[in-house]
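Peer 1: Handing you this structure, nothing more for now.
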């Protein structure tokens, strides 16, 4: 059966442009709709909790699309949300600068885990894809770095607590990477997706939970990653790795005030159409 995909994203500008580009380049089916939620994941969690009050099955009792119809800004958005889809994707940011995370980090981490556990399958409730610290992380790799295979620079790239709180990270991402997804052609975008997959795998698989950058650790992770890719499994970065990625990001950010720049926002492409990015 042909896929019909609904993408619910946090932002109203950057994410729709990204998915319009990947669709135009043939990475997604033509039957794709994008709706902007218009606020962050912390508000989404609160909405889910509020709407599920009084239901014995909690979130399982909710119809996500129906819940979002009330937030629709236009009749077109209402029409989109009232349609039926084979897959639902939720594209949101880690946003550690948010006041809720700053004031209640442990509870925020618990909530992220609950969201990842619940939204873990695109053909059921939907699947959540996070960017660390935000969706601009996807573009925080320059076309020059990608064309010249400068993987190590991207692997080492971090964000800091100060720049996300002072709202300077987006500017740095545009300066060191690209401001618009249209900077990448199809071949470069394939490499971009694979680099984010690989970095996410490295972070999730780093057993020490500390620095990635010693040579021996990198060599071990390279071998483990290639073995994982060659195994032909359905997902290079599956549900277990997504949970580990969150755990590593949270631990490093809380302990040292930095985080790893990485975005899972386009991982659905590798999962649903692995041949598009040369994985099968």
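The values are calculated or read from the model by the stated rules, or taken from the named source; none is laboratory data. Nothing here was measured: the structure is a model prediction, and the numbers come from that model. Every residue, glycine among them, receives a Cβ derived from its backbone with ideal geometry; neighbour counts consider all protein chains shown.
Peer 1: Among the numbered criteria (1) in contact with a helix residue (DSSP H, G or I) (Cβ under 7 Å, 6 or more places away or on another chain); (2) within 30 Å of residue 255 (Cα to Cα), which single criterion is violated by residue 37?
Peer 2: Exception for residue 37: condition (2).
Peer 1: Look at residue 164 and say whether it is crowded, with 19+ Cβ neighbours inside 10 Å, within 16 Å of residue 250 (Cα to Cα) and at pLDDT 95 or above.
Peer 2: yes
Peer 1: Inside the stretch 91-110, can you point out the residues that are crowded, with 16+ Cβ neighbours inside 10 Å and part of a helix (DSSP H, G or I)? Spell out the reasoning first.
Peer 2: Start the filter on the stretch 91-110 by keeping residues that are crowded, with 16+ Cβ neighbours inside 10 Å, which leaves 91-98, 100-101, 108-109.
Scanning the stretch 91-110 gives 100, 101, 108, 109.
Peer 1: Please specify each residue of the stretch 193-236 satisfying the condition of being modelled with pLDDT under 70 and closer than 21 Å to residue 253 by Cβ.
Peer 2: The answer is 207, 208, 209, 210, 211, 212, 213, 214.
Peer 1: Tell me, yes or no, whether the stretch 142-150 has at least one residue that is surrounded by fewer than 19 Cβ atoms within 10 Å (Cβ to Cβ), assigned to a helix (DSSP H, G or I) and under 19 Å from the mean Cα position of the chain (by Cα).
Peer 2: no
Peer 1: In addition: Check off (1) touching a residue at least 12 places away in the same chain (Cβ under 8 Å); (2) assigned to a helix (DSSP H, G or I) for residue 163 and give me the number that stays unchecked.
Peer 2: Going through the list (1) touching a residue at least 12 places away in the same chain (Cβ under 8 Å); (2) assigned to a helix (DSSP H, G or I), residue 163 breaks only (1).
Peer 1: Here's something else I'd like to know. Looking at the stretch 15-63, which of its residues are part of a loop (DSSP other than H, G, I, E, B) and under 18 Å from residue 263 (Cβ atoms)? First the steps, then the outcome.
Peer 2: Quick first cut of the stretch 15-63, residues part of a loop (DSSP other than H, G, I, E, B) only: 25-31, 37-40, 52-57, 62-63.
25, 27, 28, 37, 40 - these are the residues of the stretch 15-63 that are part of a loop (DSSP other than H, G, I, E, B) and under 18 Å from residue 263 (Cβ atoms).
Residues are listed down the side, and each one gets a yes or a no for (1) outside any helix (DSSP H, G or I); (2) surrounded by fewer than 17 Cβ atoms within 10 Å (Cβ to Cβ); (3) in contact (Cβ under 8 Å) with a residue 40 or more places away in the chain; (4) touching a helix residue (DSSP H, G or I) at 6+ places or on another chain (Cβ under 7 Å):
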site: 66; (1), (2), (3), (4): no, yes, no, no
site: 76; (1), (2), (3), (4): no, yes, no, no
site: 89; (1), (2), (3), (4): yes, no, yes, yes
site: 112; (1), (2), (3), (4): no, no, yes, yes
site: 115; (1), (2), (3), (4): no, no, yes, yes
site: 129; (1), (2), (3), (4): yes, no, yes, yes
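Peer 1: Quick one: is residue 181 surrounded by 19 or more Cβ atoms within 10 Å (Cβ to Cβ), more than 16 Å from residue 96 (Cα to Cα) and within 18 Å of the chain's Cα centre (by Cα)? Steps first, answer last, please.
Peer 2: Working: surrounded by 19 or more Cβ atoms within 10 Å (Cβ to Cβ): yes; more than 16 Å from residue 96 (Cα to Cα): yes; within 18 Å of the chain's Cα centre (by Cα): yes.
Answer is yes for this residue.
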